[in-house]
Amino acid sequence: MIVAALLVLSLNHGIQREGLGLVAYSTVGAVATISLYKYNITNFNSVETEQFLMHLFLLVFFYFAAIRKHEQNPLKLLKEKIFFTQSFTEGLGSVLISFAYLFAPASIITSAKRSASVFWAILSGSIYFHEKNITVKIISFMLLVAGVILLVV
(Lines give C-alpha, C1' and ligand atoms only; values in the text may rest on other atoms or scores of the structure.)
Protein backbone atom coordinates (compact mmCIF):
# COMPACT_ATOMS: atom_id res chain seq x y z
CA MET A 1 0.00 0.00 0.00
CA ILE A 2 2.88 2.35 0.77
CA VAL A 3 4.50 1.67 -2.61
CA ALA A 4 1.11 2.12 -4.31
CA ALA A 5 0.70 5.52 -2.65
CA LEU A 6 4.13 6.62 -3.84
CA LEU A 7 3.38 5.38 -7.35
CA VAL A 8 0.08 7.28 -7.42
CA LEU A 9 1.90 10.44 -6.38
CA SER A 10 4.70 9.91 -8.87
CA LEU A 11 2.42 9.16 -11.82
CA ASN A 12 0.07 12.07 -11.10
CA HIS A 13 2.91 14.55 -10.65
CA GLY A 14 2.06 14.94 -6.98
CA ILE A 15 5.74 14.70 -6.15
CA GLN A 16 8.77 15.73 -8.13
CA ARG A 17 11.59 13.36 -8.90
CA GLU A 18 14.24 15.84 -7.77
CA GLY A 19 13.18 15.39 -4.14
CA LEU A 20 13.29 11.58 -4.15
CA GLY A 21 16.86 11.53 -2.81
CA LEU A 22 15.79 13.53 0.23
CA VAL A 23 12.79 11.24 0.75
CA ALA A 24 15.02 8.16 0.62
CA TYR A 25 17.55 9.78 2.98
CA SER A 26 14.87 10.74 5.51
CA THR A 27 13.34 7.25 5.30
CA VAL A 28 16.68 5.61 6.08
CA GLY A 29 17.23 8.14 8.86
CA ALA A 30 13.84 7.35 10.35
CA VAL A 31 14.57 3.63 10.32
CA ALA A 32 17.98 4.17 11.93
CA THR A 33 16.65 6.42 14.69
CA ILE A 34 13.70 4.19 15.56
CA SER A 35 16.02 1.17 15.60
CA LEU A 36 18.35 2.93 18.04
CA TYR A 37 15.37 4.02 20.11
CA LYS A 38 14.01 0.45 20.21
CA TYR A 39 17.47 -0.84 21.18
CA ASN A 40 17.67 1.63 24.07
CA ILE A 41 14.20 0.77 25.32
CA THR A 42 14.90 -2.98 25.07
CA ASN A 43 18.14 -2.64 27.03
CA PHE A 44 16.48 -0.57 29.76
CA ASN A 45 18.22 2.69 28.97
CA SER A 46 16.50 5.84 30.15
CA VAL A 47 14.20 7.26 27.47
CA GLU A 48 14.25 10.63 29.23
CA THR A 49 18.04 10.80 29.17
CA GLU A 50 18.10 9.67 25.56
CA GLN A 51 15.69 12.40 24.50
CA PHE A 52 17.43 15.01 26.64
CA LEU A 53 20.78 14.30 25.00
CA MET A 54 19.24 14.27 21.53
CA HIS A 55 17.44 17.58 22.06
CA LEU A 56 20.52 19.13 23.67
CA PHE A 57 22.65 18.16 20.67
CA LEU A 58 20.06 19.58 18.24
CA LEU A 59 19.70 22.76 20.29
CA VAL A 60 23.44 23.44 20.33
CA PHE A 61 23.82 22.56 16.64
CA PHE A 62 20.99 24.79 15.43
CA TYR A 63 21.95 27.61 17.79
CA PHE A 64 25.43 27.87 16.31
CA ALA A 65 24.14 27.24 12.78
CA ALA A 66 21.73 30.20 13.14
CA ILE A 67 24.47 32.44 14.46
CA ARG A 68 26.88 31.40 11.70
CA LYS A 69 24.46 31.42 8.77
CA HIS A 70 22.14 34.31 9.68
CA GLU A 71 24.35 36.17 12.16
CA GLN A 72 21.41 36.34 14.54
CA ASN A 73 20.94 35.09 18.09
CA PRO A 74 17.89 32.77 17.98
CA LEU A 75 17.21 33.27 21.70
CA LYS A 76 16.27 36.88 21.00
CA LEU A 77 13.39 35.63 18.86
CA LEU A 78 11.78 34.11 21.95
CA LYS A 79 10.81 37.63 23.02
CA GLU A 80 8.32 37.67 20.15
CA LYS A 81 4.97 36.10 20.99
CA ILE A 82 4.61 33.95 17.87
CA PHE A 83 8.06 32.34 18.18
CA PHE A 84 7.67 31.77 21.91
CA THR A 85 4.27 30.13 21.36
CA GLN A 86 5.66 27.90 18.62
CA SER A 87 8.63 26.85 20.75
CA PHE A 88 6.47 26.24 23.82
CA THR A 89 3.91 24.11 21.97
CA GLU A 90 6.66 22.12 20.26
CA GLY A 91 8.24 21.37 23.65
CA LEU A 92 4.87 20.49 25.18
CA GLY A 93 4.11 18.14 22.28
CA SER A 94 7.46 16.44 22.73
CA VAL A 95 6.77 15.86 26.43
CA LEU A 96 3.28 14.50 25.71
CA ILE A 97 4.65 12.09 23.12
CA SER A 98 7.23 10.91 25.64
CA PHE A 99 4.44 10.03 28.06
CA ALA A 100 2.50 8.30 25.28
CA TYR A 101 5.23 5.66 25.09
CA LEU A 102 4.17 4.53 28.59
CA PHE A 103 0.69 3.60 27.37
CA ALA A 104 1.26 1.97 23.97
CA PRO A 105 4.00 0.20 22.03
CA ALA A 106 6.65 2.41 20.44
CA SER A 107 5.71 1.25 16.94
CA ILE A 108 2.12 2.46 17.31
CA ILE A 109 3.08 5.82 18.84
CA THR A 110 5.72 6.48 16.20
CA SER A 111 3.39 5.48 13.37
CA ALA A 112 0.64 7.74 14.67
CA LYS A 113 3.08 10.61 15.12
CA ARG A 114 4.47 10.30 11.59
CA SER A 115 1.03 9.90 10.04
CA ALA A 116 -0.16 13.04 11.83
CA SER A 117 2.94 14.88 10.55
CA VAL A 118 2.14 13.92 6.97
CA PHE A 119 -1.49 15.01 7.42
CA TRP A 120 -0.50 18.43 8.80
CA ALA A 121 2.10 18.85 6.04
CA ILE A 122 -0.57 18.24 3.39
CA LEU A 123 -3.01 20.59 5.11
CA SER A 124 -0.52 23.41 5.64
CA GLY A 125 0.86 23.00 2.12
CA SER A 126 -2.64 23.41 0.77
CA ILE A 127 -3.48 26.44 2.93
CA TYR A 128 -0.23 28.38 3.01
CA PHE A 129 1.53 27.39 -0.21
CA HIS A 130 -1.56 26.79 -2.38
CA GLU A 131 -0.25 23.43 -3.56
CA LYS A 132 -2.09 21.69 -6.35
CA ASN A 133 -3.38 18.09 -6.60
CA ILE A 134 -4.62 18.06 -3.00
CA THR A 135 -7.11 15.26 -3.74
CA VAL A 136 -4.34 12.99 -5.05
CA LYS A 137 -2.25 13.78 -1.97
CA ILE A 138 -5.10 13.00 0.42
CA ILE A 139 -5.80 9.68 -1.34
CA SER A 140 -2.10 8.84 -1.18
CA PHE A 141 -2.05 9.86 2.48
CA MET A 142 -4.91 7.44 3.19
CA LEU A 143 -3.02 4.65 1.41
CA LEU A 144 0.12 5.47 3.41
CA VAL A 145 -1.77 5.41 6.70
CA ALA A 146 -3.41 2.11 5.77
CA GLY A 147 0.02 0.69 4.93
CA VAL A 148 1.47 1.92 8.22
CA ILE A 149 -1.45 0.42 10.14
CA LEU A 150 -0.87 -2.92 8.41
CA LEU A 151 2.84 -2.71 9.32
CA VAL A 152 2.02 -2.06 12.97
CA VAL A 153 -0.66 -4.71 13.29
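The values are calculated or read from the model by the stated rules, or taken from the named source; none is laboratory data. Since this is a predicted model, take the numbers as computed values, not measurements. Here Cβ is always computed from backbone atoms with ideal geometry, including for glycine, and neighbour counts include all displayed protein chains.
Results, tabulated for the structure shown:
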{"item": "From L36, L9, residue being modelled with pLDDT under 70 and among the hydrophobic types (A, V, I, L, M, F, W, C)", "result": "L9"}
{"item": "Long-range neighbours under 6 Å by Cβ, at least six apart or interchain, first residue over 13 Å from V8 (Cβ atoms) within the range 124-153, second aliphatic (A, V, I, L, M)", "result": "S126/I134; V152/I108"}
{"item": "Every pair of residues 6+ apart whose Cβ atoms lie under 9 Å, when the first sits in the range 38-52 and is outside any helix (DSSP H, G or I) while the second is of a type in the set (S, T, N, Q)", "result": "S46/N40"}
{"item": "Complete set of residues in the range 120-153 that are under 16 Å from the mean Cα position of the chain (by Cα), surrounded by 15 or more Cβ atoms within 10 Å (Cβ to Cβ) and farther than 17 Å from V31 by Cβ", "result": "I122, F141, V145"}
{"item": "Whichever residue in the range 69-103 is touching a residue at least 40 places away in the same chain (Cβ under 8 Å) and assigned to a helix (DSSP H, G or I) and, among such residues, is nearest to E50 (Cα to Cα)", "result": "S98"}
